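Read the structure below first, then the notes.
The values are calculated or read from the model by the stated rules, or taken from the named source; none is laboratory data. In this text, all values refer to a predicted model and were calculated from it rather than measured experimentally. Every residue, glycine among them, receives a Cβ derived from its backbone with ideal geometry; neighbour counts consider all protein chains shown.
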Amino acid sequence: MRERKLAAILAADVAGYSSFMEQDEAGALARVDAAFHGVLEPRVATHGGRIVKFMGDGALAEFASVVEAVRCALDVQATLAADGGAQLRIGVNVGDVITAAGDIFGDGVNVAARLQALAAPGGIAVSRSVREQIAGKIDAAFEDMGEHQVKNLARPVHMFAWGGVNVGEARGADDGRISVCVLPFDNMSGDPEQDYFSDGVTEDIITDLSKVSALAVASRNTSFALRGKGLTVAEVSRRMRAAYVLEGSVRKAGNRVRITAQLIEGRSDSHVWAERYDRDLNDIFALQDEIAQAIVAALKLKLAPGEKEAIKLRSTSNPEAYKIFLMARQFSMLGHARHRDLVVNLCKHAVEIDPGYARAWALMAIAQSNIALFVDVPENGWAAAERALALDPDLAEAHSAKGRILGDLGRYDEAKLEHDIALRIDSESYHVMCAAARCAVAARRFEDAVTYLEKATRLFDGDVWAAGMVIQCYEATNPAQVKPAARRALDRIEKVITMEPDHALALGFGVTALVALREIDRAKEWAKRALLVDPSNRNLTYNIGCSMIKAGEIEMGIDLVEITIKSSKTANLIWVETDSDLDSVRNHPRFVALVEDARERYKAGATT
């Protein structure tokens, strides 16, 4: 009989087993027996687990408690280190498993096995979910080793390691390309408001290097997540699995720009190339080309046919339009509803200067579609998205924007096609992931949404939207993950609120997380504060209404949802009719009447 359950899985193997067998078969078997039956087996029992099976040089165990599984792993490694016996590599994961005839199967087991292969001899590798559940409960330092693409798993594994990492295994999944991580260039202008420009220069260098087929370049969002971590180049190299690290600075003063850059070999911490450039701002694009080509030359690579021209290809050649676009994107990343009109206006200014600036048109489309959700405006972003696609059919952001608008219109199949194209073009874009996730949530494809949202949270560590939305998706797909997801979201949200107490998006998702954690009184306090801070934000009002409904405050929740629905001519009815947060009140008389009234107004509006 088969049974599905949530379990902590410990996978272990003997490091260097094959070479031991070649040198001394009998001695190797004795070392394995001592490690497994003399140390591992009794300690698994002590920590409340059970041995599932032994497999030659490997072993598999399961535990009901994640904390006890990790304590067991630490206990085993400490004992073996003291005894001087065989060294084990141990991986620990928590996930769904299928039990049958005493054995266990499933992705939870597969991930544990991959983690074990990544662990150093005598070390332990755990998944992100394990690290989150043992935080504050185990006094052992697990270093964040980033994501690793491993065999037979479509999604990368985010690993934390105790006792080191098997770098050879970690790099074994690489396809022969040279790995490079570009750290955010420092803003040396003496003006924090110029951060948008140095960030833009960094992102474009990442984009340029990504066009070189011989290079594997860490994504913008992944490398920017390292900002402020105080990591050495060697630590960055190890965490990002990057052979080389590029770092630099930007100083912009008036119409002049100075850029310094240096390429460092990660393991030896030695400089491979360094240069300083002083140029007119009008030369910024040529300067970025020079840096990319200098790095290619320093690494002794040859550009494939067409790559040199691809590096030079820009969405605009106008430095003023470029600067304004970078400013618009910075405001967009802040996540404030009050900045949406500003983003639209900045993008309009950029395309007035350069009507062929596809990226500015695409960003404008997203901002306009966000505004149109809860405010009755003439532009929903469609025209801007179509313009962006006409200018650049291969622009991921343009397809993403069109997919977003199609989803808002309830045309989910058409929207999915656009999002699929965007994901194929740029699967490392935070914005592309979020747009695809939003459509998947509306279409109730919650498992797809979880995939997109979890990756979005990894791509941008300042995110609160994806971290908050994934709670709803886990409620529909995997209730065991709701509270861990809520704790992760709340941790991010509280950091944002500390810096920006009026951040409405963070406050709203804070209420969501607190309700999921069943801290209802605190959720109500946050809700009251959020509505005082931004009372005209209909998106916020709606989201808090949904959270109150889930908290059991049905009348209060419907009151808030009603305010949002009645304040819009279109009533955002398409989203309301599919939103799983409202499933519990679908038959509530007040809600039924509210939706019927909205449908009538929507029909009337559609015919006028």
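Starting from residues that are more than 26 Å from residue 188 (Cα to Cα) and basic (Lys, Arg), keep the ones in segment 268-311 and report whichever is surrounded by the most Cβ atoms within 10 Å (Cβ to Cβ).
The selected residue is 308.
Can you tell me which residue within segment 535-577, out of those that are among the hydroxyl-bearing types (Ser, Thr, Tyr) and not in a helix (DSSP H, G or I), is modelled with the lowest pLDDT? Spell out the reasoning first.
Quick first cut of segment 535-577, residues among the hydroxyl-bearing types (Ser, Thr, Tyr) only: 536, 541-542, 547, 564, 567-568, 570.
Narrowing further to those that are not in a helix (DSSP H, G or I): 536, 567-568, 570.
Values: 536: 86, 567: 74, 568: 66, 570: 61.
So, considering only residues that are among the hydroxyl-bearing types (Ser, Thr, Tyr) and not in a helix (DSSP H, G or I), the one modelled with the lowest pLDDT is 570.
When you go through 371, 353 one by one, which is the residue that is more than 25 Å from residue 502 (Cβ to Cβ) and touching a residue at least 24 places away in the same chain (Cβ under 8 Å)?
Numbers: 371 fails: more than 25 Å from residue 502 (Cβ to Cβ).
Within the list 371, 353, the selection yields 353.
Against the condition assigned by TED's automatic domain parsing to the domain that holds residue 515 and more than 33 Å from the chain's Cα centre (by Cα), how does residue 584 come out, does it pass?
Working: assigned by TED's automatic domain parsing to the domain that holds residue 515: yes; more than 33 Å from the chain's Cα centre (by Cα): no.
No.
Name the one entry in 480, 486 that is touching a Leu at 6+ places or on another chain (Cβ under 6 Å), buried (at least 22 other Cβ atoms within 10 Å of the Cβ), at pLDDT below 95 and of a type in the set (A, V, I, L, M). So that I can check it myself, show each step before the final result.
Details: 480 fails: buried (at least 22 other Cβ atoms within 10 Å of the Cβ).
Matching residue, one of 480, 486: 486.
Could you tell me whether residue 242 is surrounded by fewer than 19 Cβ atoms within 10 Å (Cβ to Cβ), among the hydrophobic types (A, V, I, L, M, F, W, C) and either in a strand (DSSP E or B) or assigned by TED's automatic domain parsing to the domain that holds residue 280 (or both)?
Values: surrounded by fewer than 19 Cβ atoms within 10 Å (Cβ to Cβ): no; among the hydrophobic types (A, V, I, L, M, F, W, C): yes; either in a strand (DSSP E or B) or assigned by TED's automatic domain parsing to the domain that holds residue 280 (or both): yes.
So residue 242 does not fit the description; no.
Is segment 209-226 home to any residue that is without any contact (Cβ under 8 Å) to a residue 60 or more places away in the chain and farther than 27 Å from residue 300 by Cα? Spell out how you get there, then give the answer.
The first filter runs over segment 209-226 and keeps only residues without any contact (Cβ under 8 Å) to a residue 60 or more places away in the chain, leaving 210, 216-218, 223, 226.
Pick out the ones that are also farther than 27 Å from residue 300 by Cα and you get 226.
Yes - at least one qualifying residue is present in segment 209-226.
Would you mind telling me which numbered condition in (1) among the charged types (D, E, K, R); (2) within 30 Å of residue 256 (Cα to Cα); (3) modelled with pLDDT of 90 or more residue 323 fails?
So the condition that residue 323 fails would be (3).
Counting just the residues of segment 189-221 that are at pLDDT 80 or above and among the charged types (D, E, K, R), which one comes out surrounded by the fewest Cβ atoms within 10 Å (Cβ to Cβ)? Full working, then the answer.
Quick first cut of segment 189-221, residues at pLDDT 80 or above only: 195-218.
Add one more test, that the residue is among the charged types (D, E, K, R), and what stays is 195, 199, 203-204, 208, 211.
Details: 195: 16, 199: 21, 203: 20, 204: 21, 208: 24, 211: 19.
Among those that are at pLDDT 80 or above and among the charged types (D, E, K, R), it is 195.
Using the structure shown, decide if residue 408 is of a type in the set (D, E, K, R), closer than 30 Å to residue 229 by Cβ and crowded, with 19+ Cβ neighbours inside 10 Å.
No.
Out of everything in segment 98-113 that is under 25 Å from the mean Cα position of the chain (by Cα) and surrounded by fewer than 24 Cβ atoms within 10 Å (Cβ to Cβ), what residue ends up being nearest to residue 59 (Cα to Cα)? Outline the logic, then answer.
Keep residues of segment 98-113 that are under 25 Å from the mean Cα position of the chain (by Cα), which gives 106-113.
Checking which are surrounded by fewer than 24 Cβ atoms within 10 Å (Cβ to Cβ) leaves us with 106-110, 113.
Working: 106: 16, 107: 17, 108: 15, 109: 12, 110: 13, 113: 10 Å.
If we take residues in segment 98-113 being under 25 Å from the mean Cα position of the chain (by Cα) and surrounded by fewer than 24 Cβ atoms within 10 Å (Cβ to Cβ), then 113 is nearest to residue 59 (Cα to Cα).
On the basis of being small (Gly, Ala, Ser), in contact with a Gly (Cβ under 9 Å, 6 or more places away or on another chain) and within 22 Å of residue 450 (Cβ to Cβ), does residue 407 make the cut? Full working, then the answer.
Working: small (Gly, Ala, Ser): yes; in contact with a Gly (Cβ under 9 Å, 6 or more places away or on another chain): no; within 22 Å of residue 450 (Cβ to Cβ): yes.
Judged against the criteria, residue 407 is not a match.
Anything in segment 378-398 that is of a type in the set (Asp, Glu) and either in a helix (DSSP H, G or I) or over 16 Å from residue 423 (Cβ atoms) (or both)? List them, or say none. Break it down into steps so the answer makes sense when it comes.
Filtering segment 378-398 for residues of a type in the set (Asp, Glu) gives 379, 386, 392, 394, 397.
379, 386, 392, 397, listed by residue number.
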